[in-house]
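**Student:** Provided herewith is a single structure, encoded as structure tokens, for subsequent inquiry.
The values are calculated or read from the model by the stated rules, or taken from the named source; none is laboratory data. Note that this is a predicted model, so its numbers are computed, not measured. As a convention, Cβ positions derive from the backbone with ideal geometry for all residues, glycine included, and neighbour counts pool all protein chains shown. To get the accessible areas, we keep the full protein, side chains included, count just its heavy atoms, and leave off ligands, DNA and RNA. Shrake-Rupley method; radii C 1.70, N 1.55, O 1.52, S 1.80 Å.
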Amino acid sequence: MNTTISLSEGIPMGDAHVTGGRSLKSKLRRAERMEQVKAYLLILPLFAFLLICFLLPIGALLVKGFTDPTLSDELPRAAAMLREWEPAGGEVPDEEIFATFAKDLAASRPTDGASRVAKRLNIDQPGMRTLILKTANKLDTVEGATWRDKLVSIDSRWGAVATWSTLKYAASPWTLGYYIKALDFTRDERGEIVQQPEGQRLYRDVFVRTAVVSLSVSVICLLLGYPVAYFLAALPARYSNLFMIMVLLPFWTSILVRTTAWVVALQSNGVINALLIRLGVTEDGFALIYNRFGVLVAMTHILLPYAILSLYSVMKGVPVIYVKAARSLGAGPIRAFFQAYFPQTLPGVAAAGMLTFILAVGYYITPAIVGGPSDQLASYYIANHVNTTLNWGLASALASMLLVGVLLLYAVFVRLTGGRGAKLG
């Protein structure tokens with residue numbers, strides 16, 4: 001009698017068990033891979049949407065702030081030579097660069113390249129547009145022994161180092177000029193980075209104002225939203241649901257409509273001033289709009305529901321038994337609240353504050369409608385450069401700096417809260 005029981009193919013039972021186990025594992029791995037593929041296919045439309053509508057525009061925005069190939073495309077030979085020229089010596093370029101620039105400028109006229117060059121240079125130095133177009137129109141009629149003499153005879157600014165320095169730093173397709181300007185710096189005629197004159201500094205004050213207004217709105221939203229969220233969390237469900245609908249009602253109305261409603265309410269002859277005059281609080285009314293007060297009121301009204309919802313989602317999960325235990329141990333209501341209840345709601349406070357701050361940083365419509373000239377935030381100047389001045393490079397630089405600042409702040413927030421606030425508890 002054989003002591004080893006074999007399969008039909010002569011494989012021992014132990015080997016068959018191992019082979020069957022490996023086959024089962026491979027089938028499980030294939031099944032897992034198929035499930036992963038199905039999951040990826042399900043999220044593929046969402047990923048494509050995010051890529052096309054979110055990631056690519058942001059990437060293009062970041063690249064636009066670093067690139068401007070206008071001069072290198074329209075004046076290729078002159079741009080290459082200007083990149084090698086150094087203005088630190090205090091001397092204008094040599095005759096070869098003068099001649100090459102004049103020939104490239106003349107060649108760019110049929111394709112309207114001179115206009116594009118003029119527009120680009122005028123961003124860096126006001127008055128360059130007039131200079132370039134004037135020179136392009138007179139190149140064929142001017143007389144002189146050299147191209148340097150011809151250009152200087154058209155306009156004396158061609159004999160200044162500052163003019164050629166502007167051309168040099170616009171000649172490269174890669175540039176930091178927009179970020180330099182966004183930080184209120186500029187280049188002098190020798191190419192050194194210096195601060196803008198005091199009367200021309202703008203953007204640093206704008207970023208500080210944006211941060212101050214956003215922080216103020218966040219603090220006000222927390223002060224007003226915390227008691228409302230606490231009230232909603234303490235109510236029975238049948239009543240809290242009714243009040244929650246009231247909190248959500250503003251979301252059903254356009255931001256533009258809500259902001260315009262505040263214009264009606266806060267203007268000098270508006271509802272609020274009329275009521276204050278009737279109560280005898282003031283005779284002529286207060287200046288409640290087109291100033292910082294109007295901006296804070298309107299933005300707080302729009303962002304308050306976000307703070308309430310963030311706080312409520314955390315408060316609803318805090319057990320009431322902790323407060324009852326503190327009271328049973330002899331703590332008063334205030335002490336029990338701040339020692340047993342409030343610390344457990346800190347993730348909601350952090351999330352509400354961060355959410356309202358980030359949303360406030362990017363606000364444009366509300367400050368533009370109810371704020372004065374000194375109350376416009378960074379988004380106003382970004383939109384102005386996109387739609388009015390058409391300086392997309394500077395707009396990209398400002399937007400990129402705003403984006404990087406928010407991301408850094410959010411990273412610090414996550415680090416400090418351990419991610420609890422970011423997850424709303």
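**Student:** In region 378-418, what residues are more than 23 Å from Gly353 (Cβ to Cβ), among the aromatic types (Phe, Trp, Tyr) and open to solvent by 40 Å² or more (accessible area, probe 1.4 Å)?
**Tutor:** Residues satisfying the conditions are Tyr380, Trp392.
**Student:** Out of (1) surrounded by 18 or more Cβ atoms within 10 Å (Cβ to Cβ); (2) free of Cβ contacts under 8 Å to residues at least 60 places away in the same chain; (3) of a type in the set (A, V, I, L, M), what's the single condition that is false for Val194?
**Tutor:** Single failed check for Val194: (1).
**Student:** Do we have any residue at all in region 253-260 that's open to solvent by 70 Å² or more (accessible area, probe 1.4 Å) and part of a helix (DSSP H, G or I)? Give the steps one after another, and end with the answer.
**Tutor:** Restricting attention to region 253-260, the residues satisfying the condition of being open to solvent by 70 Å² or more (accessible area, probe 1.4 Å) are 256-257.
Within this subset, residues satisfying the condition of being part of a helix (DSSP H, G or I) are 256-257.
Yes: one or more hits.
**Student:** Looking at region 110-127 only, could you name the residues that are buried (at least 16 other Cβ atoms within 10 Å of the Cβ) and not in a helix (DSSP H, G or I)? So that I can check it myself, show each step before the final result.
**Tutor:** Of all residues in region 110-127, those buried (at least 16 other Cβ atoms within 10 Å of the Cβ) come to 113-125.
Within region 110-127, just Gln125 meets the criteria.
**Student:** I'm trying to understand the selection: among the residues of region 324-341, which are open to solvent by 40 Å² or more (accessible area, probe 1.4 Å) and either touching a strand residue (DSSP E or B) at 6+ places or on another chain (Cβ under 8 Å) or closer than 21 Å to Ser240 by Cα (or both)?
**Tutor:** Of the residues in region 324-341, the ones open to solvent by 40 Å² or more (accessible area, probe 1.4 Å) are 324-325, 327-330, 333-335, 337-339.
Phe337, the sole residue that qualifies.
**Student:** Give region 342-377 a look and list any residue that's hydroxyl-bearing (Ser, Thr, Tyr) and open to solvent by less than 40 Å² (accessible area, probe 1.4 Å), or say none. Before the answer, list the steps.
**Tutor:** Applying the first criterion (hydroxyl-bearing (Ser, Thr, Tyr)) to region 342-377 yields 345, 356, 363-364, 366, 374.
Those that are hydroxyl-bearing (Ser, Thr, Tyr) and open to solvent by less than 40 Å² (accessible area, probe 1.4 Å): Thr345, Thr356, Tyr363, Thr366.
**Student:** Here is a follow-up. If you scan region 72-95, which residues turn out to be among the acidic types (Asp, Glu) and out of contact with any Ser or Thr (no Cβ under 7 Å at 6 or more places or on another chain)? Break it down into steps so the answer makes sense when it comes.
**Tutor:** So in region 72-95, the residues among the acidic types (Asp, Glu) come out as 73-74, 84, 86, 91, 94-95.
Residues satisfying the conditions are Asp73, Glu84, Glu86, Glu91, Asp94.
Residue by residue, here is whether (1) closer than 30 Å to Thr141 by Cβ; (2) in contact with a Cys (Cβ under 7 Å, 6 or more places away or on another chain); (3) at pLDDT below 85 holds:
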{"position": "Ser8", "(1), (2), (3)": "no, no, yes"}
{"position": "Ser23", "(1), (2), (3)": "no, no, yes"}
{"position": "Met34", "(1), (2), (3)": "no, no, no"}
{"position": "Leu55", "(1), (2), (3)": "no, no, no"}
{"position": "Lys103", "(1), (2), (3)": "yes, no, no"}
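**Student:** Is it the case, given these coordinates, that Asp188 is surrounded by fewer than 19 Cβ atoms within 10 Å (Cβ to Cβ) and touching a strand residue (DSSP E or B) at 6+ places or on another chain (Cβ under 6 Å)? So that I can check it myself, show each step before the final result.
**Tutor:** Details: surrounded by fewer than 19 Cβ atoms within 10 Å (Cβ to Cβ): yes; touching a strand residue (DSSP E or B) at 6+ places or on another chain (Cβ under 6 Å): yes.
Taking the combined requirement at face value, the residue satisfies it.
**Student:** Still on this structure, I have one more. Does at least one position in region 146-164 carry a residue that is touching a residue at least 40 places away in the same chain (Cβ under 8 Å), crowded, with 20+ Cβ neighbours inside 10 Å and under 21 Å from Trp392 (Cα atoms)?
**Tutor:** Within region 146-164, not a single residue is touching a residue at least 40 places away in the same chain (Cβ under 8 Å), crowded, with 20+ Cβ neighbours inside 10 Å and under 21 Å from Trp392 (Cα atoms).
**Student:** Which residue, of Ala368, Ala352, Ala360, Ala383, is at pLDDT 90 or above, closer than 30 Å to Tyr203 by Cα and touching a Gly at 6+ places or on another chain (Cβ under 9 Å)?
**Tutor:** Working: Ala368 fails: touching a Gly at 6+ places or on another chain (Cβ under 9 Å); Ala360 fails: touching a Gly at 6+ places or on another chain (Cβ under 9 Å); Ala383 fails: touching a Gly at 6+ places or on another chain (Cβ under 9 Å).
None of the other options fit; the residue is Ala352.
**Student:** Can you confirm whether Val318 is closer than 30 Å to Ser214 by Cα and open to solvent by less than 60 Å² (accessible area, probe 1.4 Å)? Working first, answer last.
**Tutor:** Details: closer than 30 Å to Ser214 by Cα: yes; open to solvent by less than 60 Å² (accessible area, probe 1.4 Å): yes.
Yes.
**Student:** Whether any residue in region 36-55 is in contact with a Leu (Cβ under 9 Å, 6 or more places away or on another chain) and outside any loop (DSSP other than H, G, I, E, B) is what I want to check. Before you say what the answer is, go through the steps one by one.
**Tutor:** Residues of region 36-55 that are in contact with a Leu (Cβ under 9 Å, 6 or more places away or on another chain), as a first pass: none.
Checked region 36-55: no residue is in contact with a Leu (Cβ under 9 Å, 6 or more places away or on another chain) and outside any loop (DSSP other than H, G, I, E, B).
**Student:** A follow-up question, please. Can you confirm whether Arg77 is basic (Lys, Arg) and within 34 Å of the chain's Cα centre (by Cα)? Break it down stepwise before answering.
**Tutor:** On the way: basic (Lys, Arg): yes; within 34 Å of the chain's Cα centre (by Cα): no.
No.
**Student:** Does Tyr226 meet the test of being modelled with pLDDT of 90 or more, surrounded by 15 or more Cβ atoms within 10 Å (Cβ to Cβ), within 22 Å of Ala378 (Cα to Cα) and aromatic (Phe, Trp, Tyr)?
**Tutor:** On the way: modelled with pLDDT of 90 or more: yes; surrounded by 15 or more Cβ atoms within 10 Å (Cβ to Cβ): yes; within 22 Å of Ala378 (Cα to Cα): no; aromatic (Phe, Trp, Tyr): yes.
No; evaluated as a whole, the condition is false for this residue.
**Student:** Do we have any residue at all in region 396-406 that's at pLDDT below 95, of a type outside the set (Lys, Arg) and within 28 Å of Val228 (Cα to Cα)?
**Tutor:** So far as region 396-406 goes, yes, one or more of its residues are at pLDDT below 95, of a type outside the set (Lys, Arg) and within 28 Å of Val228 (Cα to Cα).
**Student:** On to the next question. Counting only residues that are in contact with a Gly (Cβ under 9 Å, 6 or more places away or on another chain) and outside any loop (DSSP other than H, G, I, E, B), which one in region 187-209 is nearest to His301 (Cα to Cα)? Break it down stepwise before answering.
**Tutor:** Within region 187-209, the subset in contact with a Gly (Cβ under 9 Å, 6 or more places away or on another chain) is 187, 189-190, 207.
Subsequent filtering for residues that are outside any loop (DSSP other than H, G, I, E, B) retains 187, 207.
On the way: Arg187: 43, Phe207: 23 Å.
Looking at the filtered set, the residue picked out is Phe207.
**Student:** Considering every residue within region 301-308, establish whether at least one is of a type outside the set (Gly, Ala, Ser) and in contact with a Cys (Cβ under 7 Å, 6 or more places away or on another chain).
**Tutor:** Initially, region 301-308 is screened for residues of a type outside the set (Gly, Ala, Ser), giving 301-306, 308.
Okay, now just the ones that are also in contact with a Cys (Cβ under 7 Å, 6 or more places away or on another chain), so 303-304.
Yes, region 301-308 contains at least one residue that is of a type outside the set (Gly, Ala, Ser) and in contact with a Cys (Cβ under 7 Å, 6 or more places away or on another chain).
**Student:** Right, next: Right, Leu275: open to solvent by 70 Å² or more (accessible area, probe 1.4 Å) and under 14 Å from Leu296 (Cα atoms) or not? Show your work before the answer.
**Tutor:** Details: open to solvent by 70 Å² or more (accessible area, probe 1.4 Å): yes; under 14 Å from Leu296 (Cα atoms): no.
Taking the combined requirement at face value, the residue does not satisfy it.
**Student:** Further question: Which is part of a helix (DSSP H, G or I), touching a Ser or Thr at 6+ places or on another chain (Cβ under 8 Å) and open to solvent by 30 Å² or more (accessible area, probe 1.4 Å), of Ile245, Ile220?
**Tutor:** Ile220
**Student:** Of (1) open to solvent by 80 Å² or more (accessible area, probe 1.4 Å); (2) assigned to a loop (DSSP other than H, G, I, E, B); (3) within 27 Å of Tyr364 (Cβ to Cβ), Ser268 satisfies all except one. Which?
**Tutor:** Against the list (1) open to solvent by 80 Å² or more (accessible area, probe 1.4 Å); (2) assigned to a loop (DSSP other than H, G, I, E, B); (3) within 27 Å of Tyr364 (Cβ to Cβ), Ser268 comes up short only on (1).
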